[in-house]
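A quick write-up on the structure given underneath.
The values are calculated or read from the model by the stated rules, or taken from the named source; none is laboratory data. Quantities reported herein were computed from a predicted structural model and do not represent experimental measurements. Methodologically, a virtual Cβ is constructed for each residue, glycine included, from the backbone with ideal geometry; neighbour enumeration extends over all protein chains shown. Side chains are part of the model used for accessible areas, which takes the heavy atoms of the whole protein and leaves out ligands, DNA and RNA. Shrake-Rupley method; radii C 1.70, N 1.55, O 1.52, S 1.80 Å.
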Amino acid sequence: MTVKAARVLKESDVIIGYTVYIDLVRDHLPGKEFLSTPMTKEADRCRMAFSEAQKGRTVSMICSGDAGVYGMAGLMYEIGAKYPDIELEIVPGVTAATAGAALLGAPLTHDFCVISLSDLLTPWALIEERLLAASKADFAVCLYNPSSKKRQDYLKKACDLMLQYKSPDTVCGIGKMIGRQGQEKELMTLERLRDTGVDMFTTVFVGNSQTKVVSGAMVTPRGYKDV
């Protein structure tokens, strides 16, 4: 997390979040009140945060990575419209795309896009269109939520789509448990990535046509001169 995020949490009376995220910070913030809800109860969580703030308390809603990247920031604004007297501030964090990029090297130095393979909130047909468009435009691509128990073949399906425009030898990388205990990384080709096992704690990086391996790191050149 950022220094500002850590400071804001220390200044909060109540910290609210998904159960897993609360467990990650609980031991670092003694004396705080923690409230949580399970997965799919995001709206309830937001209303809980505004309700606590109405009591005059300083409340922090926490997310994994950055709250504005596949996080709760948008929903907090939507629900917050019903609580006009409550001040809402979004505090930046470090999302898996940038944290994972640093772990692997420099795969996102040029134009890139981030696509989630989760079809819980986005139709798979739309995800397919985005994968094809990004691949045709030669973006480096960062994939969130590449697999789950119900979506074990989604990364393979995504790779098959990208292989329509990208070379099988395209440099790719994966980061697991980024920034947490058990962190791992691995570089591979797009062809090999297709058959690689991943989970919800994995972030996948697919290079563009210029991406290469430099000293064991995944690097997408920006195009600077005199290199």
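For the reader, a short list of remarks on this structure follows.
For every residue, the table says whether it meets (1) within 27 Å of N145 (Cβ to Cβ); (2) open to solvent by 40 Å² or more (accessible area, probe 1.4 Å); (3) touching a helix residue (DSSP H, G or I) at 6+ places or on another chain (Cβ under 8 Å).
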residue: T19; (1), (2), (3): yes, yes, no
residue: D23; (1), (2), (3): yes, yes, no
residue: E33; (1), (2), (3): no, yes, no
residue: R47; (1), (2), (3): yes, yes, yes
residue: K55; (1), (2), (3): no, yes, no
residue: I62; (1), (2), (3): yes, no, yes
residue: G68; (1), (2), (3): yes, yes, yes
residue: G71; (1), (2), (3): yes, no, no
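- Y77 falls short on exactly one of the conditions (1) open to solvent by 50 Å² or more (accessible area, probe 1.4 Å); (2) touching a Cys at 6+ places or on another chain (Cβ under 9 Å), and that condition is (2).
- When T98, T122 are checked against the criterion of being within 15 Å of the chain's Cα centre (by Cα) and of a type outside the set (A, V, I, L, M, F, W, C), T98 stands alone in meeting it.
- Considering residues of the range 164-194 that are loosely packed, with under 14 Cβ neighbours inside 10 Å, of a type in the set (D, E, K, R) and part of a loop (DSSP other than H, G, I, E, B) only, the residue nearest to the chain's Cα centre (by Cα): R180
- In the range 1-13, the residues that are buried (at least 16 other Cβ atoms within 10 Å of the Cβ), at pLDDT 95 or above and either outside any helix (DSSP H, G or I) or touching a Lys or Arg at 6+ places or on another chain (Cβ under 6 Å) (or both): S12
- Residues located in the range 202-224, provided they are part of a loop (DSSP other than H, G, I, E, B) and surrounded by fewer than 17 Cβ atoms within 10 Å (Cβ to Cβ): S209, Q210, S215, G216, P221, R222, G223, Y224
- Among the candidates A67, A97, residue that is within 24 Å of L187 (Cα to Cα) and of a type in the set (G, A, S): A97
- Residue within the range 81-89 that is in contact with a helix residue (DSSP H, G or I) (Cβ under 6 Å, 6 or more places away or on another chain) and more than 19 Å from K4 (Cβ to Cβ) present: yes
- Selection from the range 115-156 of residues that are in contact (Cβ under 8 Å) with a residue 24 or more places away in the chain and of a type in the set (D, E, K, R): D119, E128, K136, D138, R151, K156
- Test: K82 is under 25 Å from Q181 (Cα atoms), of a type in the set (D, E, K, R) and either open to solvent by 50 Å² or more (accessible area, probe 1.4 Å) or at pLDDT 95 or above (or both): no
- Residues located in the range 119-153, provided they are touching a Ser or Thr at 6+ places or on another chain (Cβ under 9 Å) and surrounded by fewer than 12 Cβ atoms within 10 Å (Cβ to Cβ): L120, D153
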